[in-house]
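What follows is a short report on a single structure.
The values are calculated or read from the model by the stated rules, or taken from the named source; none is laboratory data. This one's a predicted model, so the numbers in the text were calculated from it and none came from an experiment. Neighbour counts run over all protein chains shown; Cβ positions are idealised from the backbone, glycine included. Surface areas here come from the heavy atoms of the whole protein model, side chains and all, with no ligands, DNA or RNA. Shrake-Rupley method; radii C 1.70, N 1.55, O 1.52, S 1.80 Å.
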Amino acid sequence: NEEWLDRGKREMDGKISRSVHQEVQERGEDLVINYLDGMAPTLQPTSAEKKFEIMVGDVPVLGFIDYVGFSKDESGRNMKDVVLDYKVVGRAKSEKDAKNELQLGVYGLATAGTKKVGYVSLVKKNKKVQKVQIPYVKKRGAWAAEVIGSVAEGIRKCSLPLTNPNDWACSDRFCGFW
């Protein structure tokens with residue numbers, strides 16, 4: 001515990017106070033306990049951090065899936081074949097988030113036959129752990145393939161569209177590419 005606090009302070013060059021660092025550690029401990037007590041019993045993994053390499057059209061795609069396995073349905077009875085991505089977030093991921101997320105579409109392509117895809121949200125603010133699952137449909141995979149193909153075509157043509165910097169998840173504090 002002390003070593004973790006001291007190391008964190010050194011690695012952040014003193015940018016984060018000891019009390020904030022300790023708060024993060026305590027929140028992490030609470031999230032792990034809540035995960036083990038509430039979420040873990042509903043899951044039966046067959047693989048974790050599963051590496052995949054697929055071709056989407058003529059584009060090679062490499063990735064790692066956090067969780068592949070089975071998950072109890074909403075009634076708590078039946079196990080369903082599922083792919084899940086774990087997120088530490090400010091607010092829990094919703095069904096709408098899952099339906100509009102490219103990442104889950106790619107995971108579906110990589111694991112043909114998966115019945116459901118979704119998220120396990122570890123919510124920082126209230127320390128709750130929530131799961132959202134949606135049926136995987138081929139249409140979602142086709143959309144993901146179309147997006148990947150479009151981006152690859154833009155790169156080949158050296159056509160890199162401008163974007164809004166407010167949408168970037170990169171900052172000088174947390175991103176080495178800033």
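Carbon and sulfur atoms: what percent of the 1.4 Å accessible area of the stretch 12-106 do they account for? So the carbon and sulfur contribution to the accessible surface is 52 percent.
Computed over protein heavy atoms with a 1.4 angstrom probe, the accessible surface ordering of 39, 79, 55, largest first, is 55, 79, 39. Cross-link pairs exceeding 28 Å in C-alpha to C-alpha distance, out of 51/125; 50/131; 51/93, comprise 51/125.
A 1.4 Å probe over all protein chains sorts 109, 84 by accessible area into 109, 84, starting with the largest.
Per residue, the stretch 28-92 exposes an accessible area of 60 Å² to a 1.4 Å probe, with every protein chain left in place. If you take the charge dipole of the stretch 110-160 about its Cα centre, with +1 on Lys and Arg Cβ and -1 on Asp and Glu Cβ, which of 112, 130, 144 is farthest toward its positive end? After comparing all options, I get 130.
If R0 is 22 Å, what FRET efficiency do you get for residue 115 and residue 87 from their C-beta distance, rounded to 0.05? Mind dumping the intermediate values first?
On the way: r = 21 Å, r/R0 = 0.94.
According to the calculation, E is roughly 0.60.
For 156, 77, the ranking by accessible surface with the largest value first comes to 77, 156, using a 1.4 Å probe.
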